[in-house]
1. Among the numbered criteria (1) surrounded by 16 or more Cβ atoms within 10 Å (Cβ to Cβ); (2) within 11 Å of chain A (Cβ to nearest Cβ); (3) at pLDDT 95 or above, which one does residue B:108 miss?
2. Quick check, is residue A:114 within 11 Å of another protein chain (Cβ to nearest Cβ), of a type in the set (A, V, I, L, M) and in a helix (DSSP H, G or I)?
3. For the range A:29-50, which residues satisfy the criterion of being in a helix (DSSP H, G or I) and either within 14 Å of chain B (Cβ to nearest Cβ) or of a type outside the set (A, V, I, L, M, F, W, C) (or both)?
4. Go through the range A:5-43 and report how many residues are over 30 Å from residue A:111 (Cβ atoms), within 22 Å of the chain's Cα centre (by Cα) and crowded, with 18+ Cβ neighbours inside 10 Å.
5. Among the residues that make up the range A:217-227, is at least one of them within 14 Å of chain B (Cβ to nearest Cβ), touching an Asp or Glu at 6+ places or on another chain (Cβ under 7 Å), modelled with pLDDT of 95 or more and assigned to a helix (DSSP H, G or I)?
6. Return a yes/no flag: does the range A:133-143 have any residue that is surrounded by fewer than 22 Cβ atoms within 10 Å (Cβ to Cβ), closer than 14 Å to residue A:35 by Cβ and acidic (Asp, Glu).
7. Keeping to the range A:188-199, report how many residues are more than 12 Å from chain B (Cβ to nearest Cβ) and within 19 Å of residue A:98 (Cβ to Cβ).
8. So which residues in the range A:124-159 are under 14 Å from the mean Cα position of the chain (by Cα) and either among the charged types (D, E, K, R) or not in a helix (DSSP H, G or I) (or both), if there are any at all?
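The values are calculated or read from the model by the stated rules, or taken from the named source; none is laboratory data. All values derive from a computational prediction rather than experimental measurement. Cβ placement follows ideal geometry from the backbone for every residue including glycine, while neighbour counts extend to all protein chains displayed.
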Number of protein chains: 2
Amino acid sequence: MDRLELNQHISQRYNADLEDLRTELLEMGGLVQEQVRDSIAAIGQADAELARRVIAVEDDVDAREVELDEHCTSILVRRQPAASDLRMVLAVSKITRDLERMGDEANKVAKMALALVEDGGNGQGYVELRHLGNSVLRMVDDMLNAFARFDVNTAMAVAKEDSNVDREYKSATRELITYMMEDPRSISRVMNVMWALRAIERIGDHTKNIAEHIIYLVRGLDVRHTSVSEMERQVNASDPQVR
Amino acid sequence: MDRLELNQHISQRYNADLEDLRTELLEMGGLVQEQVRDSIAAIGQADAELARRVIAVEDDVDAREVELDEHCTSILVRRQPAASDLRMVLAVSKITRDLERMGDEANKVAKMALALVEDGGNGQGYVELRHLGNSVLRMVDDMLNAFARFDVNTAMAVAKEDSNVDREYKSATRELITYMMEDPRSISRVMNVMWALRAIERIGDHTKNIAEHIIYLVRGLDVRHTSVSEMERQVNASDPQVR
């Protein structure tokens, strides 16, 4: 496991500030993870009540984004952090944003769940949805663990996993188009499943972004827009245990 | 017009740093604006060459995001900015991210343009696409002007305009579903138009986000997740010429 050496500060309050930031982010992450899980379950189980619960949480997630960002700005102003502390603050601010977007997408999934419950219907595309949903939920779970333990290897695995999710998503989309062609009366219904799939795939993208922010946070590497293999090379080259 | 009072610094170099940041952001903005415009034109004119040009620019946009972000971090480390200077640095870092996403979405539109050119076909949904495309292009144009002149009123107008874009998008989507039902053989073709529409609508969302960052930058107000009317109230209440 990687160890992020946050600088040790004479000020107890400063250490507590950084620790609070980490705790608040993990709380927000847990909340969003629940939203994602519930929104996918709401479709699979045609559970309107669960879908409404997901939608009810959105304001809370939004409020946490704003609070966490204010917290980051306030640390920048009061502490003028440097090195790994600065990376921590900047990474948290970015991760927060991606988490909020994930909540947004979970909300869309929940809305599609409501539309699908209202529609009744035969559950075409649900297998694909459950499959993609499970893959993305695993990514989200791993990503939160990677952040909690500042674990670069797990973050790398999350980034890799996103390519599989993209492939699954594409094949699911093709499947759904076939359903629509075979039964044009199902088009608006299948389109709702399509939008839900799309939102789940986007959740995977944001999870990958967060994995990249974690790598930046721990190793100081900006691996955005690099291929997974190049990312892996850079991460290995920067491993303090190898150098 | 609003005036952002960036603090005047004894260090000439510090002033130049902040000015460079502004110039670099405007350059990146201009590049993304061109991508958006060209990608929409590529569909309307079935121009594969133009679509490929949009796709070729992506690496440049990605590189600029990373550079601008490094520039922001380096100013934080060397200058430890406060007040409006800090807001400038934080806002630029966020705006950069939204601009990069807009470039991503323009890329998706360009890919759909290529798929549509290959497909031939009759241009169903093109009227809707041109309509939505023009609305979003206006938003992008206004947003860049708002940033260039630190103009809160124009930023507010951009945020308002996004609601219209969302409405237009929804009605276009309904129209496209009708086309698919009437002619099931057109489904995969119309789906490509649907994805392009979706990407254009997302460009509008990111443009609205940037408008919110501009309001934060100039007035220090965090107006994310507030309704447009509440946003307007807060902006008016913070107007230095009214207070």
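1. Residue B:108 satisfies every listed condition except (2).
2. So residue A:114 does not fit the description; no.
3. Answer for the range A:29-50, where residues must be in a helix (DSSP H, G or I) and either within 14 Å of chain B (Cβ to nearest Cβ) or of a type outside the set (A, V, I, L, M, F, W, C) (or both): A:29, A:30, A:33, A:34, A:35, A:37, A:38, A:39, A:44, A:49.
4. Total satisfying the criteria: 2.
5. No - not one qualifying residue is present in the range A:217-227.
6. Looking through the range A:133-143, at least one residue is surrounded by fewer than 22 Cβ atoms within 10 Å (Cβ to Cβ), closer than 14 Å to residue A:35 by Cβ and acidic (Asp, Glu).
7. The number of residues fulfilling the criteria is 0.
8. Hits for the range A:124-159 are A:138, A:141, A:142.
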